[in-house]
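Encoded as structure tokens, the structure appears first; notes follow it.
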Amino acid sequence: MQFMLWQGVRRHPFFRLMRLDKPVGTYLVLLPSLAALWLAAGGVPPVWEVLVFVAGAFVMRSAGCVINDYADRDWDGAVARTCDRPLVCGEIAPNTALKLFAGLLLVGGVLVLTLRTEVLLWSLGAVALAILYPFTKRWVYYPQLFLGLAFAWAIPMAFVAVLGVMPAEGWWLFAATVVWALIYDTWYALVDRDDDLTVGIKSTAILFGRSLSWIMAGLMMLMLWLLVQLGNAFSLGYVWYATLILVSGHFVWQLWLARDEQRDAVFRAFKSNIWIGVMLWLGVVLSYL
């Protein structure tokens, strides 16, 4: 009976609108911010800050999904992967979605108010990026860059929550996370590439064209170089560099998996980035142990 009740909750329109049934994106926001907290604290960070950022990742990712679906409500019906979303099917009215978005921002604001005042100022950037990102698909072929900025914005917030300032060394992690988003969200966009071309949605999956595999490999090498610089800046030691070897192997596997650009394969490559995040976070944690 509990299983049936859970399945009923998962099918609820609001649950699906907030993408609570698909938590991959939440983990991709959360794991870099956890790494930032550990780096800022030089070890185990304060428990309250960890709890706030865990809750904040779920709340703000949900808010981002709601405003994304609101912005794309007239397009999603023409894309196979998104044609059954609640706003497309009329299960939730657009105005109701906006109210939910505002409510989630309010919850996020309450969470931020429990941290240093400086974090509140940084959080304004997170809100602006969350609102801006869905509309960039109409203007530029690299909305993935804006997604990366939105997802990575939790990193300076985490440093500021612990230290009161964003140290210069922390920008290595920020830059690596932005590049990482370019990687995994390009895999994600590749799933919809044919439909996006028909509808008129822009993405890096379209921009990279026939050079996609080479560009993706280049982005992966750039991310690894940034992570090496991060390790040097924070003196993380051999555990960190061993972690980067594992990450390199996983990237090679992603490239092999997506070599034919088949939808199921590239979607699997996208979802596997959770393990990249887990490895990098554990690499930081174990370095301080």
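In table form, for the structure just shown:
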item	result
Where residue 135 falls short, out of the listed (1) under 21 Å from the mean Cα position of the chain (by Cα); (2) at pLDDT 95 or above; (3) surrounded by fewer than 18 Cβ atoms within 10 Å (Cβ to Cβ); (4) farther than 17 Å from residue 58 by Cα	(2)
Filter result for residue 236 (more than 23 Å from the chain's Cα centre (by Cα) and either in a helix (DSSP H, G or I) or within 19 Å of residue 32 (Cβ to Cβ) (or both))	yes
Test set (1) outside any loop (DSSP other than H, G, I, E, B); (2) touching a residue at least 12 places away in the same chain (Cβ under 8 Å) - residue 259 fails condition number	(1)
Search result, residues across the range 270-279 that are in contact with a Phe, Trp or Tyr (Cβ under 9 Å, 6 or more places away or on another chain) and within 16 Å of residue 176 (Cβ to Cβ)	273, 276, 277, 278
Those residues of the range 91-117 which are crowded, with 20+ Cβ neighbours inside 10 Å and touching a Pro at 6+ places or on another chain (Cβ under 6 Å), in sequence order	92
Close pairs from the range 9-33: first part of a loop (DSSP other than H, G, I, E, B), partner hydroxyl-bearing (Ser, Thr, Tyr) and surrounded by 16 or more Cβ atoms within 10 Å (Cβ to Cβ), Cβ under 7 Å, at least 6 apart	18/62; 19/62; 20/62
Residue match in the range 165-182 (condition: of a type outside the set (S, T, N, Q), crowded, with 23+ Cβ neighbours inside 10 Å, touching a helix residue (DSSP H, G or I) at 6+ places or on another chain (Cβ under 7 Å) and in a loop (DSSP other than H, G, I, E, B))	no
Any hit, the range 118-131, residues being in a loop (DSSP other than H, G, I, E, B), under 18 Å from the mean Cα position of the chain (by Cα) and more than 18 Å from residue 33 (Cβ to Cβ)	no
Residue 88, sole failed condition from (1) surrounded by fewer than 22 Cβ atoms within 10 Å (Cβ to Cβ); (2) in contact (Cβ under 8 Å) with a residue 40 or more places away in the chain; (3) over 30 Å from residue 236 (Cα atoms); (4) β-branched (Val, Ile, Thr)	(2)
Selection from the range 207-218 of residues that are of a type in the set (A, V, I, L, M, F, W, C), surrounded by fewer than 19 Cβ atoms within 10 Å (Cβ to Cβ) and touching a helix residue (DSSP H, G or I) at 6+ places or on another chain (Cβ under 7 Å)	215, 217
Residue under evaluation residue 141, criteria (1) within 26 Å of residue 274 (Cα to Cα); (2) assigned to a helix (DSSP H, G or I); (3) in contact with a helix residue (DSSP H, G or I) (Cβ under 6 Å, 6 or more places away or on another chain), criterion not met	(2)
The range 227-241 - residue that is of a type in the set (A, V, I, L, M) and touching a residue at least 40 places away in the same chain (Cβ under 8 Å) and, of those, nearest to residue 283 (Cα to Cα)	239
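The values are calculated or read from the model by the stated rules, or taken from the named source; none is laboratory data. These figures come from a predicted structure and were not determined experimentally. When we count neighbours, we look across all protein chains shown, and the Cβ atoms used for this are built from the backbone with ideal geometry, even at glycine.
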